[in-house]
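K.L.:
Structure provided below as structure tokens; questions to follow.
The values are calculated or read from the model by the stated rules, or taken from the named source; none is laboratory data. Everything numeric in this text was worked out from a predicted model, so none of it was measured. Using ideal geometry, Cβ is built from the backbone for each residue, glycine included, and neighbour counts are taken over all protein chains shown.
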Amino acid sequence: MSVPADFGAWSARIAELGIELPPVVAPVADYVPAVRSGSLVFVSGQVPIVAGRVVATGKVGGDVGPDEAKQHARTCALNALAAVHALVGIDSVARVVKVVGFVASAEGFTGQPAVINGASELFVEVFGEAGTHARSAVGVAELPLGVPVEVELIVEVA
């Protein structure tokens with residue numbers, strides 16, 4: 001593993017960007033927010049919940065616009081980082097490995113990659129080159145709690 005030059009300074013970078021990690025979102029079923037296995041942390045799917053409440057419902061390309069959904073994907077990504085931070089500390093992140101984004105899509109909507117860019121762009125903003133990652137952006141019929149977006153995350157830690 002090649003450790004990035006900024007390794008260990010992510011919390012300072014987050015503060016510099018004016019980003020505040022939210023509290024970890026409480027699970028809505030029988031799972032934990034994140035699990036570490038070796039040098040990887042797997043984060044459960046995160047939805048747009050702020051201060052304990054769902055902030056959006058609906059289908060993208062229908063009652064939720066793509067730009068709005070992109071912002072919700074960013075919220076999901078912040079929730080994912082909060083789960084990582086609570087488990088291992090954000091400064092232990094060596095790189096973002098994989099992002100999986102799910103978009104509750106209205107019939108005919110094919111802009112899932114642009115929506116999930118809301119998460120991807122946040123990871124690059126925070127981690128620079130170490131934030132670039134493999135990714136899937138998948139359109140689905142429904143998501144838990146009726147939300148428009150869900151994001152899963154895998155990070156490597158040192």
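K.L.:
Is at least one residue of the stretch 46-62 among the hydrophobic types (A, V, I, L, M, F, W, C), under 20 Å from I154 (Cα atoms), in contact with a helix residue (DSSP H, G or I) (Cβ under 9 Å, 6 or more places away or on another chain) and at pLDDT 95 or above? Don't jump to the end; show me each part of the working.
P.N.:
So in the stretch 46-62, the residues among the hydrophobic types (A, V, I, L, M, F, W, C) come out as 47, 49-51, 54-56, 60.
Now narrow it down to the ones that are under 20 Å from I154 (Cα atoms): 47, 49.
Within this subset, residues satisfying the condition of being in contact with a helix residue (DSSP H, G or I) (Cβ under 9 Å, 6 or more places away or on another chain) are 47, 49.
Those left that are additionally at pLDDT 95 or above: 47, 49.
Yes.
K.L.:
Still on this structure, I have one more. Within the stretch 94-112, does at least one residue satisfy the condition of being of a type outside the set (S, T, Y) and in a helix (DSSP H, G or I)?
P.N.:
Yes, the conditions are met somewhere in the stretch 94-112.
K.L.:
If you don't mind, another one. Would you check which residues across the stretch 50-76 are over 12 Å from the mean Cα position of the chain (by Cα) and not in a loop (DSSP other than H, G, I, E, B) and list them? Talk me through it step by step, then tell me what you get.
P.N.:
So the first thing to find is which residues in the stretch 50-76 are over 12 Å from the mean Cα position of the chain (by Cα), and the list is 50-69.
Residues satisfying the conditions are V50, R53, V54, V60, V64, P66, D67, E68, A69.
K.L.:
Also: Of all the residues that make up the stretch 63-98, how many are surrounded by 20 or more Cβ atoms within 10 Å (Cβ to Cβ), out of contact with any helix residue (DSSP H, G or I) (no Cβ under 8 Å at 6 or more places or on another chain) and of a type in the set (G, A, S)?
P.N.:
Selection size over the stretch 63-98: 2.
K.L.:
What are the pairs, 6+ residues apart or on separate chains, where a residue within the stretch 7-36 that is in a helix (DSSP H, G or I) has its Cβ under 8 Å from a residue that is β-branched (V, I, T) and surrounded by 10 or more Cβ atoms within 10 Å (Cβ to Cβ)?
P.N.:
As it stands, the answer is W10/I90; W10/V93; W10/V126; S11/I90; R13/V126; I14/I90; I14/V126, since those pairs meet every condition given.
K.L.:
Let me ask something else about it. Of the residues that sit in the stretch 75-105 and are in contact with a strand residue (DSSP E or B) (Cβ under 9 Å, 6 or more places away or on another chain) and among the charged types (D, E, K, R), which one is farthest from V138 (Cα to Cα)?
P.N.:
By that ranking, first place goes to R95.
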